[in-house]
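Novice: Attaching a single structure in structure tokens format; questions to follow.
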Amino acid sequence: MRLFWVGFVVVLVYGKWVDGFLEFNETELSYIESYGHDGSPYGSSKVYSNAVMVGLTLIQSAAAKGAVCLDGTLPGYHLHRGYGSGANSWLIQLEAAQLQFRGERIWFAAMEDLMMKGMRHANQALLSGCSAGGLAAILHCDKFKDLFPRTIRVKCLSDAGLFLDAVDVAGGRTLRNLYSGVVGIQGVKHNLPRICTNRLDPTSCFFPQNIISQVKTPLFILNAAYDSWQIQSSLAPPSADPHGYWHDCRLNHAKCSPSQISFLQSFRNQVLNAVRGFSMSKQNGLFINSCFAHCQTERQDTWFADDSPVVGNKAIAIAVGDWYFNRAAVKATDCPYPCDKSCHNLVFQRA
């Protein structure tokens with residue numbers, strides 16, 4: 001994809017356990033290793049050997065709008081300008097981390113700043129995000145589209161943002177309880193799609209499964225059927241597993257018992273059910289692979305390498321490119337674990 005990369009990062013932190021939830025950036029490999037089907041690690045050197053470091057641009061006009069971080073400092077983004085045929089092609093990549101109380105203000109301040117720096121001249125644009133950024137890409141998709149003339153190709157990509165309102169291993173709803181607190185303490189009800197809040201409670205409308213079919217802008221859902229973050233922090237967090245029955249399994253899928261794998265297969269079925277209606281729209285794209293992974297667009301080894309994960313012999317980058325440029329319809333759903341031998345599964349080294 002010949003797209004102009006713009007990395008818009010409000011806050012970026014490394015992972016840690018907080019109140020029973022694992023917070024981590026999947027692209028930070030200090031405590032994570034990625035393994036292929038043969039058990040060999042891909043390792044951080046392979047992932048970052050050609051990394052490009054891009055400086056932080058602070059949004060100087062943000063303070064006057066009240067669009068500041070929790071400590072009062074200015075928000076910012078990382079801007080890497082395109083050139084040649086990609087000079088007017090824009091990609092906005094969202095990376096969110098921890099609590100944000102002025103995210104909506106920061107979003108608009110950043111978009112306004114980028115429009116003044118040339119994004120208003122875009123001939124094509126893509127809004128994407130990983131994890132919480134993937135959820136943000138869904139929530140802001142139509143707002144992003146509205147920034148541009150109707151003649152401009154504008155689409156959105158959510159990577160690992162399909163958080164499900166699922167029952168955990170103790171029979172509770174760990175993630176719903178977390179989301180309820182986020183929605184309440186941050187007062188995000190008014191920023192959620194009204195077409196959803198008119199019929200469901202605000203917490204339900206924070207779950208992508210209840211809003212993706214209502215997004216008007218073309219949207220691509222990329223998700224692992226056995227999402228690592230959701231296994232760690234939603235399905236089997238320590239708070240729901242006080243005796244540690246799931247400890248080894250949540251760190252390494254190869255150590256899961258048959259009954260645990262059966263539970264995870266049920267979760268995969270919930271993922272597929274959540275996207276069934278969404279996938280019926282011709283304008284939408286879908287890539288659900290049966291990997292134990294999270295955020296597959298932010299790492300070169302999973303995005304577009306010689307041995308990247310595939311579904312139907314098509315790598316993620318090719319699938320997204322075919323969808324974005326209208327070369328082909330993409331509705332790729334993988335067979336259940338352990339049939340996919342192309343996965344780069346994540347194994348956690350934490351004690």
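Novice: Probe radius 1.4 Å, ligands and nucleic acids left out: which of HIS344, HIS121 has the largest accessible area, and how do the rest follow?
Specialist: So, going from the largest accessible area down, we get HIS121, HIS344.
Novice: With every protein chain in place, what's the accessible area of ARG173 (1.4 Å probe, Å², nearest 10)?
Specialist: In the full protein context, ARG173 sits at about 100 Å².
Novice: Here's something else I'd like to know. Taking only C-alpha pairs under 8 Å that are 6+ residues apart, what is the relative contact order of the range 252-321 in percent?
Specialist: 19 percent.
Novice: Just the accessible area per residue of the range 146-207, please: how many Å² with a 1.4 Å probe?
Specialist: Each residue of the range 146-207 exposes 49 Å² on average to a 1.4 Å probe.
Novice: Here's a follow-up. Students often check this: by mean Cβ neighbours within 10 Å, which of 200-210, 69-79 ranks highest, and how do the rest follow?
Specialist: The packing order, highest mean first, is 200-210, 69-79.
Novice: What ranking do 135-142, 306-313, 218-225 get when scored by the average of other Cβ atoms within 10 Å per residue, highest first? Let's see the in-between values first.
Specialist: Values: 135-142: 23.2, 306-313: 14.9, 218-225: 25.1.
Per-residue Cβ counts within 10 Å, averaged per peptide and sorted highest first, yield 218-225, 135-142, 306-313.
Novice: Let me ask another. Counting only protein heavy atoms and using a 1.4 Å probe, what share of the accessible area of the range 229-339 belongs to carbon plus sulfur, as a whole percent?
Specialist: Accessible surface attributable to carbon and sulfur in the range 229-339 totals 55 percent.
Novice: Ok, one more. Ignoring ligands, DNA and RNA, please state the percent of accessible area on the range 115-160 from carbon and sulfur, probe 1.4 Å. Don't skip to the answer; put the middle values down first.
Specialist: Values: 920 of 1700 Å².
That share works out to 54 percent.
Novice: Additional query: Using a 1.4 angstrom probe with every protein chain in place, what is the largest-first accessible-area order of TRP303, TRP107?
Specialist: Output order, biggest surface exposure first: TRP303, TRP107.
The values are calculated or read from the model by the stated rules, or taken from the named source; none is laboratory data. The structure displayed is predicted, hence computed values, not measured ones. Cβ sites come from the backbone with ideal geometry, for glycine too, and all protein chains shown count toward neighbours. Keep in mind that these areas ignore ligands, DNA and RNA; they rest on the heavy atoms of the full protein, side chains included. Shrake-Rupley method; radii C 1.70, N 1.55, O 1.52, S 1.80 Å.
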